[in-house]
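Reviewing the structure listed below.
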Amino acid sequence: MGAQLRVYKRRIKSVTATKKITKAMEMIAASRIVKAQRQVTASTPYATELTRAVTAVATGSNTKHPLTTEVESPVRAAVLLITSDRGLAGGYSSNAIKAAERLTERLRSEGKEVDTYIVGRKGVAYYGFREREVAESWTGFTDSPTYADAKKVAGPLIESVQRETAEGGVDELHIVFTEFVSMLTQTPVQNRLLPLSLDASAAAEEDSAAKHEILPLFDFEPSAEDVLDALLPRYVESRIYNALLQAAASKHAATRRAMKSATDNAGDLIKSLSRLANAARQAEITQEISEIVGGASALADATAGSEK
């Protein structure tokens with residue numbers, strides 16, 4: 001019985017140490033969420049206004065440009081998947097990967113070849129384990145991305161858009177990331193960055209009209225095509241940067257939720273083991289008392305027999 005009690009004590013000590021670790025990770029993730037939320041809030045207006053400027057150029061000119069012109073028969077698409085460098089975040093990375101898989105299947109069913117670009121070690125490991133080809137990958141900055149990281153990711157994608165498909169270029173650019181909705185809700189989303197959907201611009205114009213905002217008129221110098229050439233990298237970079245920040249905030253929220261669940265489970269396990277340890281201790285004490293009483297009774301009987 002004493003051996004069983006020692007086993008329970010060792011397990012309680014081990015689970016208590018694990019609980020301290022998960023609690024610390026929960027607090028770290030909670031502190032990082034605040035910073036990530038601020039960065040998302042700060043970057044979203046710029047990305048939104050830049051998108052409005054691009055759509056204004058697109059709707060205000062007849063220039064054909066990869067940024068705004070739909071290809072009649074697209075044959076190749078690029079998909080940028082944003083995952084995490086680290087685990088312990090529940091289903092965060094796996095949900096994004098599943099969304100990218102569904103998008104890839106849909107694009108292939110439409111007769112398009114797909115070039116996959118990946119951010120994060122989890123996505124790289126997933127595709128590497130299955131021996132799937134990846135055009136390019138980046139790791140090491142998913143927890144705290146910077147605009148320089150976004151530019152590094154956007155560079156090869158912009159080059160592939162600007163090349164002809166016969167030379168390995170793409171007709172479409174899609175991005176899959178996890179959107180931060182709230183502390184409890186993070187949703188994997190898939191957006192097409194290029195060509196820019198003019199339906200979104202029409203919706204933005206209707207929203208502005210509903211708010212009685214006056215939409216600006218633009219004059220293009222030296223030409224609309226030159227303006228689009230200048231806006232293309234900034235548009236892609238800003239959208240990728242915003243997606244990286246959204247993904248980082250979502251990852252920290254998922255980590256916090258997973259670590260809180262692990263901490264709560266560890267607490268429940270400690271309570272359960274403590275009850276078992278107490279029961280084992282009581283059984284041991286009861287057995288010792290029984291042995292003492294039995295020994296005293298036997299000694300009394302032996303003494304009584306000798307007196308006779």
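Below are the figures for this structure:
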{"item": "Gaussian network model of the chain, springs between alpha carbon atoms under 10 Å - residue of Glu237, Glu172, Glu133 with greatest fluctuation", "result": "Glu133"}
{"item": "Other-chain or far-sequence residues with amide H under 5 Å of Ser137's (modelled H)", "result": "Ile118"}
{"item": "Packing-based ranking, highest mean first, of 256-263, 116-123 given that Cβ atoms within 10 Å are counted", "result": "116-123, 256-263"}
{"item": "Gain on full stretching of the segment that runs from Asn191 to Asp219 - 0.36 nm per residue minus C-alpha separation", "result": "7.1 nm"}
{"item": "Computed E for Ala230/Glu105 - FRET, C-beta separation, R0 35 angstrom, nearest 0.05", "result": "0.45"}
{"item": "Net charge, Thr139 excluded, C-beta distance under 15 Å - Lys, Arg +1, Asp, Glu -1", "result": "+1"}
{"item": "Rounded FRET efficiency, nearest 0.05, which uses the C-beta distance separating Ala302 from Gln282 and R0 of 22 Å", "result": "0.15"}
{"item": "Proximal aspartates and glutamates relative to Lys64, as straight alpha-carbon distance under 12 Å, when same-chain residues fewer than 8 apart are discounted", "result": "Glu225, Asp226, Asp229"}
{"item": "Accessible surface, per residue, of the chain when the full set of protein chains is kept, probe 1.4 Å, Å²", "result": "56"}
{"item": "Partner aspartates and glutamates for Lys19 [C-alpha distance under 16 Å; skip if fewer than 8 residues away on the same chain]", "result": "Asp264, Asp268"}
{"item": "Within a Gaussian network of the chain (alpha carbon springs, distance under 10 Å), most fluctuating of Ala298, Ala89, Ala135", "result": "Ala298"}
{"item": "Using a Förster distance of 41 Å, the FRET efficiency for Gln4-Ala125 (Cβ separation, nearest 0.05)", "result": "0.50"}
{"item": "Surrounding net charge for Thr104, when Lys and Arg each add one and Asp and Glu each subtract one, Cβ distance under 13 Å", "result": "+1"}
{"item": "Pairwise centroid distance, computed over Cα atoms, of segment 234-308 with segment 1-57, Å", "result": "24"}
{"item": "Apportionment of accessible area to carbon and sulfur, the chain, percent (1.4 Å)", "result": "53"}
{"item": "Helical mean residue ellipticity (222 nm; -39500 (n - 2.57) per DSSP H run of 4+; nearest 500) of the chain", "result": "-23500 deg cm²/dmol"}
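The values are calculated or read from the model by the stated rules, or taken from the named source; none is laboratory data. Just so you know, these numbers come straight off a predicted model, no measurement behind them. Quick reminder, even Gly has a Cβ in these numbers, built from the backbone with ideal geometry, and neighbours come from all protein chains shown. Side chains included, ligands, DNA and RNA excluded: accessible areas come from the protein's heavy atoms. Shrake-Rupley method; radii C 1.70, N 1.55, O 1.52, S 1.80 Å.
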